[in-house]
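Undergrad: Got a structure for you, written out below as structure tokens; questions coming shortly.
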Amino acid sequence: MITLKKVMDQINIQCDIIPMGEDLTVLLYGGDLPHIGSTVLSIPRASLTGEGLSTTSSVLNCLGHKDDVLARIFAEKIAVRSNHTTVCICGIHVDGLSGDGIKAIYDGCLVLLDEVLAAIGNENLLLSSHK
């Protein structure tokens, strides 16, 4: 398992990447009340352009949640990087958050995603989980 954390405007966000057999489960959560807001399943496939990989994704949202925006980005980018089916469960809640605060969390999570992708790198995360 890989765990990375980021603090944005005193808001803690955590990302756990858990190998599950041939697949990856990503948990992205934090704020005042971590929860399950949205779940995205991304399956890597050959790009329709014929160049590289893309994904086919399915989204499940809890009523009124917007966590799918980040969950989809994380699931799709990690699925393409790893070439493995990836599920991202996301739930970040901060009471009374302003528009600027939402943008700060979004931008910070994109930086966190870059760190996750670098941590995954070219290592075989799935094989290392079987040791």
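Undergrad: Quick check: the angle from helix 99-120's long axis to the longest principal axis of the chain, C-alpha only, nearest 10 degrees?
TA: Tilt relative to the chain: about 30 degrees.
Undergrad: Give me a comma-separated list of calculated 3J(HN,Hα) values for region 43-51, in order, Karplus coefficients 6.51, -1.76, 1.60 applied at θ = phi - 60°, integers in Hz, x for any Gly or Pro.
TA: Each residue of region 43-51 in turn: 10, x, 7, 4, 4, 5, 7, x, 10 Hz.
Undergrad: Follow-up. Please identify every one of the trypsin sites (Lys or Arg not before Pro) in region 47-116 that sits in a loop by DSSP and has no more than 12 other beta carbons within 10 Å of its own beta carbon. If you can, show how the numbers build up before the last one.
TA: On the way: sites: LYS66, ARG72, LYS77, ARG81, LYS103; in loops: LYS66.
For trypsin sites (Lys or Arg not before Pro) across region 47-116 that sit outside H, G, I, E and B with at most 12 neighbouring Cβ atoms in 10 Å, the list is empty.
Undergrad: Taking θ = phi - 60°, what integer Hz values does the Karplus form 6.51 cos²θ - 1.76 cosθ + 1.60 yield along region 16-27, in sequence order, with x for Gly and Pro?
TA: Once rounded to whole Hz, the list reads 10, 10, 10, x, 9, x, 8, 10, 10, 10, 10, 10.
Undergrad: Only Cα pairs under 8 Å and at least 6 apart count here; give the relative contact order of the chain as a rounded whole percent.
TA: On the way: 261 pairs, mean separation 37.7, N = 131.
Relative CO of the chain lands at 29 percent.
Undergrad: As a check on your grasp of the helix formula, calculate [θ] at 222 nm for the chain: sum -39500 (n - 2.57) over DSSP H runs of n ≥ 4, divide by the residue count, round to the nearest 500. Write down the numbers at each step before the final one.
TA: Numbers: 3 runs with 41 residues, N = 131.
-10000 deg cm²/dmol, from helical runs alone.
Undergrad: Still on this structure, I have one more. By how many degrees, between 0 and 90 and to the nearest 10, does the Cα long axis of helix 68-82 differ from the longest principal axis of the chain?
TA: Relative to the chain, helix 68-82 is tipped by roughly 30 degrees.
Laboratory data are not the source of any read-out in this text; all were calculated from the coordinates shown. Fair warning: this is a prediction, and the values are worked out from it, not measured in the lab. FYI the Cβ positions are ideal-geometry reconstructions off the backbone, even for glycines, and counts take in every protein chain you see.
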